[in-house]
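Asker: Here it is, the structure, as structure tokens.
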Amino acid sequence: MIKSELVQRIAEHNPHLYQRDVENIVNAILDEIVAALARGDRVELRGFGAFSVKHRPARAGRNPRTGAHVPVDQKSVPFFKTGKEMRERLNRDHPGGAGAESDDTDE
């Protein structure tokens, strides 16, 4: 699902809101999450998950084409950890989990 599909679906479930208002709300939420992460804050949405920033130190990398060693600068990367309620809901909706497909193989 892309952002425009999310906006459209929310607007369909809330006919009293204009689609442009829903789009502004979704953009405001996402912008605030990004701003909080940029400040170094953690954003937790109970039942959904938590956004945080992980810092990766500088290291020596390798160019896969030439094999030459190249320096890789330190960087900050966004990290998302799902909430317990989301994990439980996903596993409840799909009984058997990821390993269920391997049960029907004949050896």
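The values are calculated or read from the model by the stated rules, or taken from the named source; none is laboratory data. Since we're looking at a predicted model, the values are computed, not measured. A quick note on method: Cβ atoms are made from the backbone with ideal geometry, for glycine too, and the neighbour counts reach across all protein chains shown.
Asker: Hey, any hits in the stretch 52-69 for a residue that's within 30 Å of GLU32 (Cα to Cα), surrounded by 12 or more Cβ atoms within 10 Å (Cβ to Cβ) and not aliphatic (A, V, I, L, M)?
Answerer: Yes, there is a match, as at least one residue in the stretch 52-69 is within 30 Å of GLU32 (Cα to Cα), surrounded by 12 or more Cβ atoms within 10 Å (Cβ to Cβ) and not aliphatic (A, V, I, L, M).
Okay, residues lined up against (1) touching a Lys or Arg at 6+ places or on another chain (Cβ under 7 Å); (2) over 28 Å from LEU6 (Cα atoms); (3) modelled with pLDDT under 95:
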{"position": "ALA35", "(1), (2), (3)": "no, no, no"}
{"position": "GLU44", "(1), (2), (3)": "no, no, no"}
{"position": "VAL53", "(1), (2), (3)": "no, no, no"}
{"position": "PRO57", "(1), (2), (3)": "no, yes, no"}
{"position": "PHE79", "(1), (2), (3)": "yes, no, no"}
{"position": "GLU88", "(1), (2), (3)": "no, no, yes"}
{"position": "GLY97", "(1), (2), (3)": "no, no, yes"}
{"position": "GLU107", "(1), (2), (3)": "no, yes, yes"}
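Asker: Test VAL43 against the stated conditions and say whether it is surrounded by 15 or more Cβ atoms within 10 Å (Cβ to Cβ) and of a type in the set (Val, Ile, Thr).
Answerer: Here the answer is yes, as VAL43 does meet what is asked.
Asker: Tell me, yes or no, whether the stretch 13-24 has at least one residue that is hydrophobic (A, V, I, L, M, F, W, C), surrounded by 15 or more Cβ atoms within 10 Å (Cβ to Cβ), part of a helix (DSSP H, G or I) and at negative phi.
Answerer: yes
Asker: Something else: I need a count of the residues in the stretch 70-89 that are among the acidic types (Asp, Glu) and exposed (fewer than 10 other Cβ atoms within 10 Å of the Cβ).
Answerer: So the count comes out to 1.
Asker: In contact with a Lys or Arg (Cβ under 7 Å, 6 or more places away or on another chain) and either at pLDDT below 95 or in the same structural domain as VAL7 (by TED's automatic domain parsing) (or both), is that true of VAL26?
Answerer: Yes: the conditions hold for VAL26.
Asker: Among the residues of the stretch 39-76, what is the count of those that are farther than 29 Å from ILE29 by Cβ, out of contact with any Gly (no Cβ under 6 Å at 6 or more places or on another chain) and assigned to a strand (DSSP E or B)?
Answerer: Residues that pass the stated criteria total 6.
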